[in-house]
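Below you'll find the structure, written out as structure tokens, and then a few comments.
Read the figures in this text as sums done on the coordinates, not as results from a lab. Since we're looking at a predicted model, the values are computed, not measured. In this analysis, Cβ positions are derived from the backbone assuming ideal geometry, glycine residues included, and neighbour counts consider all displayed protein chains.
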Amino acid sequence: MSEAPADIEITDPVTITLDGRQVVVQRGALLIDACERNGVYIPRFCYHPRMRPVGMCRMCLVEVDTGRGASLQPSCMLQCSSDMVVDTQSDKTRKAQEGVLEFLLLNHPLDCPVCDRGGECPLQDQTVGYGPGETRFVDEKRHYEKPIAISRTVLLDRERCILCDRCTRFAKEVAGDPLIDFQDRGSRTQVNTFPNQPFASYFSGNTVQICPVGALTAEPYRFKARPWDLEIVESSCTTCSVGCRVTIQSSRNQVLRCLGVDSDPVNWGWLCDKGRYGVEALNAEGRLGVPLGRGRSVKTDDETALEEVSWAGALRTAADAITSALDRRGPEGVAVIGGARLTNEAQYAWVKLLKGVIGTDNLDAQLGDGIPAEIVLGLPLATIDDACRPGSTTVVVSGDPKEELPILYLRLRHAAVQDGVNLIEIGPKAGGLTPYATVAMHPLPGELADLVRAVVGGGAGGAVAGVDPASIERARSLLADTDGEMTLVVGRRSLSEDTGFTADAVSVLVSAYDKVRILPALRRANVLGALTMGMAPGVLPGRVALAAAPDAYSTRWPALPAGRGLDTTGILTAAAEGRIDTLILLGADPLTDFPDRDLAERALAGARNVIAVDQFVNDSVRLAEVVLPAAGFAECAGTTTNIEGRILKLEQSTTPPGTARPDWMIAAELAAELGSDLGLDSVEQIWKEIAELSPSHVDLTWEMLSDPQNRDGLVARGDPLPGSVRFEAPEPTAHRALDSYSLRLVATRKLYDEGTMVGRCRSCAGLAEETALAMNPHDFERLGVEDGGRVTVSSKRGSTVIEARGEAGVPRNSVALVVNAPNFDVGTLIDANDAVNEVRVEALQSVAGETGSEGGS
Amino acid sequence: MPRLTPENVRRAKEIISRYPRPRSALIPLLHLAQEQDGWLTEDAMEDVAELVGVTPAQVIGTASFYEMFKMEPVGRYVINVCTNISCLLLGGETLLQHAEATLGIKPGSTTEDGLFTLEDVECVAACTEAPCLQVNYRYFYRVTNDDFDRILADLRDGDLSRDIPEHGILSRVPQRIPTGKVANITPPEDQRVPVWIERAAPDKAAAGGDEA
Amino acid sequence: MSGGPRIVSARWEIDDAWKLSRYLETGGYAGLRSALDMTPHEVHEEVRSATLLGRGGAGFPAGVKWGFCPPDVWPRYLVVNGDESEPGTYKDRILMERDPHQLIEGALICAYATGIAQVFLYVRGEMALAQERVASALNEAYEAGYIGRRILGTDFSVDVVMHWGAGAYIVGEETALIESLEGDRGMPRLKPPFFPAAKGLYMKPTIVNNVETLSNLPWILEHGSEAYTTIGSESSPGTRLFAISGHVERPGVHEVPQGVTTFRDLIYGDEYCGGIRKGHELKMFIPGGGSAPWFFPEHLDLPLEGKVVGGAGSMLGSGAIVVMDETTDAVSACWRLMRFFSRESCGECTPCREGTNWLETILRRILDGQGRPDDIDLLLDIGDNISPGPYPGPGWGAENPEPVPFPPQQTTICPLGPSAVAPLTSAIRRFRDEFEAKIAQGAAVSV
């Protein structure tokens, strides 16, 4: 992976002499970077352009004269100044480099033939280029047990380690997870974890990628391939919606690994482990390669009834279901949930099919777990760089990037820790960014908008229960210093709280400050693409409001929906009431992901027909009539849209299993089966149609997107245009007064959950942790609960017995549970139609030696 | 496994309060843990990590860097024989060999009765008094083989217990800053220009520096 | 102890000088009172004109060092380096054990002059008694109002906190000392950019001064810099503590005027060490601690003056003179020093971590009779890869007596690596025949 320094614009030029020639470089730039930008590569091990230099390996020593005579200096620590004379080829430089390599090789084992790093090893390569021809070392090498597992996926071979501090520095500085560190001293120094505390970082895989030797290897890739046998394409990760650039590396039509690519505006070379190892799901057991259907067109819960069927038969069944729905109820009888996993092109194809052919507007890519589409589509979008602009103030409203968009978390963390960005974090409980926030405020569910009003200086007289007035004051003064220019990172922290509060809070900020931009913290891969392409009620491709559809749509599309349709909650409610005949799940699992389990169950039972397009049979898909197998990540080309609205190319690396095919093709074939021609026959051609029709994409040609110069993607027009969906201040969300015996429920996500893809990814499966009922320790006494004790938690929907755990970051009078945890589905407690969900908590009367009885009820 | 006692947690917090940043108290707190248990247990290191706000990996990273922190149990008395240059010249090696023979152990190990641990250490700053040794960091100067035997006997008999506490205890006099006398211990970002400097402020050199 | 001027060791014969009452009876805290009558700037100027050279090893003038703190950057910290561990060095421990108030007073004077927010007194971990004495002195001084809020009724307020280490030689290096004080592994920081005066403790301006250096301040402030500069030589005024150990009749620690006393005076003078132990003769001596290149009989008449000793190829370092007579095996002595540096290398940078260990391994192998004929040149070349220098250039050898360059060039972050190389190189240069004989002897045995 290239670790070349980012290109910079020279704003403060100085002239230095580099190997006898005069070159102009930026004053203050690190010499090692300046040399590389001028075509002179200085060997190095510890230096990494995305981490602070430490000057430890001493490989980058070069002879430099800064006016006080030439001496050997580490070029990774030296800043360019005028008239510096640098000799990277002098005898002294060469001898120092040779000497350092000889030292490094003294204790390095010669097991290159069985080392995963062999062939792509900086130590190997630089030994060839700069090392001594032979060794003078005749003594015993250092020995350690090899390798040891420092996490589920990372293996450490301390004999190979050259102690460059890259992994340990990454863990501390970049990830903020200092779970590995140097231990012992001198020549016995080693990298290690604390005993029995693994390197459990969401970002651990990066250490393998940046290790300059084979000391850290990835268990999933171990002994899988030699680097020269790999076929490599560059693409974008679609595990979440940050859009990290990756190379997908495959051999024999199997993806073996993903490595991060340094994209300056996005991921800086880093990946989260969920993204890095997510490709394992492609080859996982249960992956669908053929359509499934039921012998008879009768809906049944009996999963054995799902059997392999032909594509023709499957498409026929699906088309029949749609036709019969149209016959019975018209377009409103058809509804679609999902689509955020699809490429932009596939999303367009499906929207054209659904809105332009079938004519239904009951379409929602979010599963009631996101934020209102109007916030994303009706307000100007920010880039990640906007949110991280040095010295600026960024407000994180209700999202937890660490658990949902890990690389956005890294960028924001870096911004706060190293670039002086003030983060104002507002959410129902402490999250990943809380320790780095200048101000963190945690209002109770239902009080978010009140708090924001207090911050901007109106309402509530500046006081909100449970929030320190000094924090409100501090936030107000930070915002006052921004000249109104700020980024709001807006997400969905708690699934048991209505998004009306978030919309209200956003509207307050938008009207108080005039240059607010939104960075949506929505997690599904291409949710921005989906919303922009019209996968939400009332929207047409290009952020266009259905109500204001320009002529182009009615002329180029066979039909348009008659009026605004339903969102996911509406669709499920309608289905539960028997008003939806055919429900199409486009890569969606509402039983698992929709916050309200009961409603999702009733909906799937209430819909006459369920059609699924997916890669696996999940809980919801299991109830479908017919299942159409879709191509997955790395199996089809196209583009995706990240949270910034950045359009990024996706490249195909391998072919899909069996007869699984790209989603856009399924839409086109289904349209044909319905007797309509979508007129879409290739990804490139679909993009052309998008660029012609969509005001957001009008300037972005396929050629531009394919230009290697634009590998970081191109940001689609992020400002609302005339005719765009509009964000309007919502009516304040009503929530009834809560009684003093109840606690407000917060339901948050963790990166690893019991979701389909995590479960199919061998390296991540099993990492989902059990949830406990987190509550403020100050509430223990009032409720008679002990830390670690078992309690009954009950809502009007359901009840469970679970362990209570003290967590200072949970506000008093609320409790928090993790969504989709292995031991409990919080969805069984939530009513999606309640703006605030509340629960009661009672301690179990436990008797020593007895397991908890259902006491207290 | 032992963890810090409530009294030691109180002492730990007192020590932390003397530093602008809690992590600066890490080494003194590890000494406190070692004073309690004679060595550093994993549980104690986890306690210390929590007290100063770092990870246990960072605690062991720091602890293992320093000679005096023991990651496994050691004897009640740790005998450090100096063999660095000044002591070497005057019989430090011979003294060490005598110690090994007498105790029946090699440097780095502990006698079976758990009483003595022997170490072959670097210069302990008593060079004019060579050869020297320390028992639990208390000095013995110009030590002959006979002296060594006598020290062992006295240690066994408890005759030195007044001078030499059990391993882990360093200063028996803790620093105490009387309440109300603390001048100004706050994090660096909360510090301002000192008043006595400000008073003399027009004088640029006093407030500032020379050309570096 | 001789009869010369006693500045820092004046109270050493008083058993309870570490108690505040005795310290006050013997003129204690007079220097601080004088200082408080002056402006901070005047105090700084007084110290600057005294040319008080740092006693830790580098010998840099303290007054100049203080001036490196960037103007108007606050807070500033003072870290007192009491981590004495250089082989052969024994003086700071005595100062802390016997006269801790003198040190505290010196630290307070520095704090007043430079606007220090807090003083940390870093005592070496292995020095339990010094810790007890310093702690009790601090407790007494706080109670009596010499430390803390509104010192002696003025607006000068500063806290002095004792910190104690846990055994690591490298922590005596000032940036490693700071890392250690931040609760981290004591690994040196790179200079540039991390000069303590600009980016020290918590990345704030920090003065790091040695115990002996600061212990001079009460006297200087009480008697004035003019009186101070009348002692010693012009470029090295005042007195200095020297520990003379090894093969002398009477090893001891002596305070002598700098620049005018010679090595011969100290080693042979009756009032000092009384010569080489009976029946033996001088073979070599270490003039400034384990890191210093060795000196030989021809260097005896050099004065104890940093610049002169530096010009002759070594250093005065930490005031540690280790005397070796003809019974000393040069190879063994080298190995023992090398084992020290190898054990104490922090492991941060490659040449020192791997190089000192390799050098030690080779020397051990030679002593064990497994030496190889190429080993001597290998030792020198490894040394050159840690500390590049002009030796062993063509024609280099005993007949080519150019001085060993010091301070050395280094491929390392801090001087520990070069410190390991310096004595070895000077020893091979002088006693190459001994090394060759050891190797030949081993070869004969193994045949």
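Peptide C:150-157 shows a mean partner chain C-beta count of 3 within 10 Å per residue C-beta. Per residue, chain C reaches -12000 deg cm²/dmol at 222 nm when only DSSP H runs of four or more residues are counted, each adding -39500 (n - 2.57). Report Rg/Rh for chain B, rounded to two decimals, where Rg is the Cα radius of gyration and Rh the Kirkwood radius. With Rh from the inverse mean 1/r over Cα pairs, Rg/Rh is 1.09.
Compute the Cα gyration tensor for the stretch C:186-295, then decide on rounded, prolate or oblate, letting a ≥ b ≥ c be the square roots of its eigenvalues: rounded whenever a/c is under 1.5, prolate when a/b is larger than b/c in the other cases, and oblate in all that remain. Oblate. In this label model, A:D12 and B:I185 are separated by 3.9 nm, measuring between points 7 Å along each Cα→Cβ vector. Taking a straight line from the alpha carbon of A:K750, these lysines sit under 22 Å away, with near neighbours fewer than eight places off in the same chain left out: A:K172, A:K274, A:K402, A:K429. Take each residue in A:689-695, count the other chain C-beta atoms within 10 Å of its C-beta, and the mean is 0.
For the stretch A:13-104, the alpha carbon convex hull comes to 86 Å³ per residue, rounded to a whole number. Of the residues C:H163, C:H101, C:H41, the one that moves most in a GNM of chain C with alpha-carbon contacts below 10 Å is C:H41.
Using a Gaussian network model of chain B in which every pair of alpha carbons under 10 angstrom is joined by a spring, one finds that among B:Y77, B:Y66, B:Y141 the greatest mean-square fluctuation is at B:Y66. Placing one equal scatterer on every Cα of the stretch B:77-157 and applying the Debye formula, the log10 ratio I(q)/I(0) at q = 0.13, 0.21, 0.22 Å⁻¹ is -0.32, -0.86, -0.95. In the frame of its principal axes, chain A has Cα extents of 87, 65, 58 Å, reported largest first. Scoring A:512-522, A:113-123 by mean Cβ neighbours within 10 Å over their residues and listing the highest first yields A:512-522, A:113-123. Between the stretch A:155-178 and the stretch A:358-411, the C-alpha centres lie 32 angstrom from each other. Treating each Cα of the protein assembly as shown as an identical point scatterer and summing with the Debye formula, the log10 of I(q)/I(0) at q = 0.04 Å⁻¹ comes to -0.31.
With contributions of -39500 (n - 2.57) from each DSSP H run of at least four residues, the per-residue ellipticity at 222 nm computed over chain A stands at -6500 deg cm²/dmol. Under a no-solvent Debye model with one identical scatterer per Cα of the stretch A:374-521, what's log10 I(q)/I(0) at q = 0.12, 0.18, 0.19 Å⁻¹? Values, matching the q order: -0.40, -0.99, -1.13.
Applying a DSSP loop filter and a limit of 10 other Cβ atoms within 10 Å to the GluC sites (Glu not before Pro) in the stretch A:1-46 leaves A:E9.
Which of C:E84, C:E226, C:E344 moves most in a GNM of chain C, Cα contacts under 10 Å? Comparing C:E84, C:E226, C:E344 in a Gaussian network model of chain C, the most mobile one is C:E226.
With K and R counted +1 and D and E -1, the other residues having a Cβ less than 12 Å from that of C:G54 yield a net charge of +1. Using all pairs of distinct alpha-carbon atoms, the Kirkwood hydrodynamic radius of chain C works out to 22.6 angstrom. Over the stretch C:20-229, what portion of Cα pair distances is larger than 27 Å, expressed as a whole percent? In whole percent, the share of Cα-Cα pairs in the stretch C:20-229 beyond 27 Å is 23.
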